[in-house]
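Below you'll find the structure, written out as structure tokens, and then a few comments.
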Amino acid sequence: MSLTPLEDVQAAVLRECEPLTPRAVDLQEALGCVTSTPVEAEELVPPFDNTAMDGFAVQAADTADPPVELKVVGTLAAGADPSGFRVGGSEAVRIMTGAPMPPGADAVVMVERTRTEGDVVVVEHHAAPGDHVRRAGDDLKPGDVVVDAGTVLTPAHLGVLASLGYQRVPVFPRPRVGVLSTGDELVEGAAPLHAGQIRDSNRPTLVALVRQSGFTPVDLGLARDDEATIAAAVEKGLASCDALVTSGGVSVGDFDYVKAVLDRLGSMRSWQVAIKPAKPLAFGTVQGKPVFGLPGNPVSSMVSFELFARPALRRMGGHRRFFRTQVDAVVAEPIRRRPDGKLHLVRVVAAPGEDGRWRVRPVGGQGSHQLAAAAAANALALVPDGDGVEAGSTVKALLLSGDPG
Ligand code: AMP
Ligand code: MG
């Protein structure tokens, strides 16, 4: 099977992964979700004129020639109703931050600029009209667009929506992603290893990648290398998930059944991608839902998730930017490789140098089974086909944290 360029496979996979149907979700659930329609304010925020300071609400004109004595005619705390209050000439109302401005007053003198003597306040400062007054609608007015369609919701957005009384927000739902490991050699958890067995490390990694990406992981456990078992696990998973990620069983070995299962249950495509690691990829849609058949080697499954599943799942979640940030980086030490028709994704530590340019240094152990070495990396250097790159030269690097928004 010939090798297919990375971008072609990414495009083919993305095409099949349409955004999920938007729905209203609770604010508490919406962090990181993408809005499906613009949201407009229907109220004023703040809802009324109020004071930004503890102090005295006054008529500014009374303070033109400080110090002046004003009669304190009442006290307004935050939450109090100001309708029974009125500040007349030479009068003041004691007022606390957030309390509504009493009728008649047009400025607040902060408490630090006053002295009180019984029911008289001595104002030592010339206040201008509007001083320390937060106007109704200062932040939002009815009709203002609070968040546009396509906004990735941050904590501050959620607070703004709450300030308007919204409890739900229209978003593309977070994709629910089932994670299934396949392989006869795999052992669950801490059970003793018998001859030929290894522990299942892909599932915890992939579940965590799903969660870290803002999707909802569903642990579908472990399936033996048996067509019926894998098919049953895939069907069960799809009953409650929007997409599945499997690992293992997509190469050309004798017991690689994932492709056969996807072929039987839905439509399946597979590629030998012109990259190292993560060359084999099976991708199918079953009941209209995408299934990513990632390779089994631990580093490969992680890289494959990053390159193919994550961008496609972001599209399903309504994101408009699918891919991680790519930067130009200076190679701190030579990266040697052989020509093989593939783009090499070298696990590197990337950090900005003193000159502001990114620097990358490969982590030790670039085998696709060496997850411990890969765990030290925070980026993938894209080393093109050829003999490698010299120290001081520039490569593209894909940063494995953060998103372009
Ligand atoms: P496969 O893609 O099934 O041929 O597996 C390729 C390699 O990855 C083999 O060495 C497997 O033992 C290993 N492998 C497959 N699945 C897992 C897993 N869930 N955790 C750790 N290693 C795995
Ligand atoms: Mg296997």
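Normalised by residue count, the range 155-218 yields a Cα convex hull volume of 100 Å³ per residue. Over all pairs of different C-alpha atoms in the range 17-84, the reciprocal of the mean inverse distance, the Kirkwood hydrodynamic radius, equals 17.7 Å.
Taking 8 Å as the Cα distance limit and 6 or more residues as the minimum spacing, I'd like the relative contact order of the range 198-275 as a percentage.
On the way: 51 pairs, mean separation 17.4, N = 78.
Computed value for the range 198-275: 22 percent relative contact order.
Cα centroids of the range 22-71 and the range 74-131: 18 Å apart. Taking a straight Cα-Cα cut-off under 21 Å and skipping sequence neighbours fewer than 8 places away in the same chain, the lysines within cross-link reach of residue 342 are 276, 279, 396.
Apply the Kirkwood formula to the range 180-285: the hydrodynamic radius equals the inverse of the mean of 1/r over all pairs of different alpha-carbon atoms; give it in Å with one decimal. Could you put the intermediate results ahead of the total?
Values: mean 1/r = 0.0687 Å⁻¹.
Computed over the range 180-285, the radius equals 14.5 Å.
Percent of C-alpha pairs per 5 Å bin in the range 105-226, short distances first: 2, 8, 11, 10, 8, 7, 7, 7, 7, 6, 5, 5, 5, 4, 4, 3, 2, 1. Annotation: the antiparallel percentage among DSSP beta bridges lying fully within the chain is about 70. Packing around the peptides 94-101, 387-394, taken as the average count of other Cβ atoms within 10 Å per residue, puts them in this order, highest first: 94-101, 387-394.
Convex hull volume of the Cα atoms of the range 235-276, normalised per residue: 100 Å³. Using equal-weight Cα scatterers in the Debye expression, the normalised intensity of the range 30-122 in log10 at q = 0.15 Å⁻¹ is -0.57. Backbone geometry of the range 379-393 corresponds, through the Karplus equation with coefficients 6.51, -1.76 and 1.60 at θ = phi - 60°, to 3J(HN,Hα) couplings of 7, 10, 7, 8, 9, x, 3, x, 9, x, 10, 8, 4, x, 7 Hz, x marking Gly and Pro.
Taking only Cα atoms of the range 309-361, what ratio of Rg to Rh do you get with Rh as the Kirkwood inverse-distance radius? Intermediate results must be reported in sequence, preceding the final value.
Values: Rg = 15.0 Å, Rh = 13.7 Å.
Reported Rg/Rh, Kirkwood definition of Rh: 1.10.
Would you mind computing Rg(Cα) / (2.2 N^0.38 Å) for the range 251-389, counting N as its residues?
Values: Rg = 16.7 Å, N = 139, 2.2 N^0.38 = 14.3 Å.
Normalised Rg, Cα atoms only: 1.17.
Alpha-carbon geometry of the chain: the Rg and the Dmax are 30.7, 95 Å, given in that order. At q = 0.12, 0.14, 0.25 Å⁻¹, what is the base-10 log of I(q)/I(0) for the range 314-405 according to the Debye formula with one equal point scatterer per Cα and no solvent? Please give it to two decimals. Treating every Cα as an identical point scatterer, log10 I(q)/I(0) equals -0.39, -0.53, -1.27. Excluding residues on the same chain fewer than 8 positions from residue 259, give the aspartates and glutamates whose Cα lies under 16 Å from its Cα. Hits, sequence-local ones excluded: 225, 226, 227, 235.
Cross-link partners of residue 141 among aspartates and glutamates, defined as those whose alpha carbon lies under 15 angstrom from its own and excluding same-chain residues fewer than eight positions apart: 40, 42, 43, 49.
No value in this document is a laboratory result; all are computed from the given coordinates. As the structure is a computational prediction, the values presented were derived from the model and not from experiment. Because the Cβ atoms are built from the backbone with ideal geometry, glycine has one as well, and the counts that use them run over all protein chains shown.
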